[in-house]
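Undergrad: Pasting a structure below so you can have a look.
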Amino acid sequence: MPFKLISMFFSLMSQCVMSFVFIALAMGWTTFAKAVGLIDLEKNKMMIVYMVGVCGLHFIMGFLMVFDHEEHHKFHEYQGLQGTLILSIKFIFLLSFLTCLFFSHKKVTSDKTLNLTMQKRYKSWHTVLGLTGTCYLLALPMAVTFAN
């Protein structure tokens, strides 16, 4: 049992890091010249809010996974009310990722200091980031949906 909890903890931490990295990239981290490098805590307070929110929601997901674990009436961890809440949290991550990506793309296209070539590069970057981030964030909900 303790090894299962340790593995669940590290699994949730890796999901937390990946979710935050996708949301941070969608917000423009390391994409814009002003945001390259470490996160400036004074200028990027919204990034800190997202980081705390992502960690908090992953903590809730971990609690929900342990709460009703291995009950006889469940075929997998994501069945029932707890599973529905976990999948809802995943959709919240997806919506926040797409929202941040939309506003980041809007910021790039409205920036008059960038030439047309740079705007095309940013557009292709946002397209690739949007596709990979959406695939990652939808992988679990789609797998659970198809498994049922």
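Undergrad: Given the condition at pLDDT below 85, in contact with a helix residue (DSSP H, G or I) (Cβ under 9 Å, 6 or more places away or on another chain) and assigned to a helix (DSSP H, G or I), answer yes or no: does some residue in segment 123-138 qualify? Walk me through how you get there before you give the answer.
TA: Looking only at segment 123-138, we keep the residues that are at pLDDT below 85, and these are none.
No, segment 123-138 has no match at all.
Undergrad: Next up: Go through (1) assigned to a helix (DSSP H, G or I); (2) at pLDDT 75 or above; (3) within 19 Å of GLY133 (Cβ to Cβ) one by one and return the number of the condition GLY28 breaks.
TA: Unmet for GLY28, out of (1) assigned to a helix (DSSP H, G or I); (2) at pLDDT 75 or above; (3) within 19 Å of GLY133 (Cβ to Cβ): (1).
Undergrad: From the list LEU116, LEU140, which residue is free of Cβ contacts under 8 Å to residues at least 40 places away in the same chain and either hydrophobic (A, V, I, L, M, F, W, C) or within 30 Å of MET61 (Cα to Cα) (or both)?
TA: LEU116
The values are calculated or read from the model by the stated rules, or taken from the named source; none is laboratory data. Just so it is clear, the structure is predicted and the values come from calculations on it, not from any experiment. So basically every Cβ, Gly included, is an ideal-geometry build from the backbone, and we count neighbours across all protein chains shown.
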